[in-house]
Amino acid sequence: MTSIPLEITIDGPVEPVFDLVTQARFWPTWHVLTRSVCGTVNRPFLEGDEFTEYINGPQGTVELTWTVSEYVRGRHVTIQPMGYEASIVYSFEEVPGGTRFSRTVVKDANGSDSSTVTPETEQASIRNLKAFVEAELAKERKGLRQHAA
């Protein structure tokens, strides 16, 4: 087992950041390997949720069905792919300047995604995630200001 820990500060409060990050429907927007998702994807994660991710891997499309195995609203989520000893752990913490978001990918050395998921793909993805979440929050703030006027 190897892990790829990443951390970034996202300009926004914890709750809305959590709600955007934990909706699998957005994965194809920000994760460089995700081509599509299906299942429980149109709301923030809840413990026990399942969804399927389709990844383009070196030998073709890889299908992973994920389960939300740990969940503390606004603080912590762990998801695990069925059939593999792997996980992704999300952590959220309010800090000056926004939300510190940590994403740690724990890879199964024998898993089908072991050669696809790299520190480089994860770095690119977390940068995309930051840009996506901050843009969505800016749209929301702009919309709220327009309604208040």
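The values are calculated or read from the model by the stated rules, or taken from the named source; none is laboratory data. Since the structure is predicted, the reported quantities are computational estimates derived from the model, not experimental observations. FYI the Cβ positions are ideal-geometry reconstructions off the backbone, even for glycines, and counts take in every protein chain you see.
Conditions (1) modelled with pLDDT of 95 or more; (2) touching a Cys at 6+ places or on another chain (Cβ under 6 Å); (3) not β-branched (Val, Ile, Thr), marked per residue:
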| position | (1), (2), (3) |
| --- | --- |
| Thr65 | yes, no, no |
| Phe101 | yes, no, yes |
| Ala109 | no, no, yes |
| Phe132 | yes, no, yes |
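Considering only residues in region 69-90 that are buried (at least 20 other Cβ atoms within 10 Å of the Cβ) and of a type in the set (A, V, I, L, M), the one that is nearest to Val105 (Cα to Cα) turns out to be Ala86.
Restricting the first residue to region 123-144 and requiring it to be within 22 Å of Arg103 (Cβ to Cβ), which pairs with a second residue that is among the aromatic types (Phe, Trp, Tyr) meet a Cβ separation below 7 Å and a spacing of at least six or different chains? Listed by first residue and then by second, the contacts come to Ser125/Trp30; Asn128/Trp30; Leu129/Trp30; Phe132/Phe26; Phe132/Trp30.
The residues of region 1-48 that are basic (Lys, Arg) and in contact with a strand residue (DSSP E or B) (Cβ under 9 Å, 6 or more places away or on another chain), listed by number, are Arg25, Arg35. The residue that is farthest from the chain's Cα centre (by Cα), among those in region 71-104 that are without any contact (Cβ under 8 Å) to a residue 24 or more places away in the chain and assigned to a strand (DSSP E or B), is Val72. Is at least one residue of region 42-51 within 27 Å of Asp11 (Cα to Cα), modelled with pLDDT under 95 and surrounded by 16 or more Cβ atoms within 10 Å (Cβ to Cβ)? So far as region 42-51 goes, no, none of its residues is within 27 Å of Asp11 (Cα to Cα), modelled with pLDDT under 95 and surrounded by 16 or more Cβ atoms within 10 Å (Cβ to Cβ). Take the conditions (1) farther than 20 Å from Glu120 by Cα; (2) touching a His at 6+ places or on another chain (Cβ under 9 Å); Gly48 misses just one of them, which is (2). For region 33-44, the criterion of being touching a Lys or Arg at 6+ places or on another chain (Cβ under 6 Å) and within 17 Å of Val106 (Cα to Cα) is satisfied by no residue at all.
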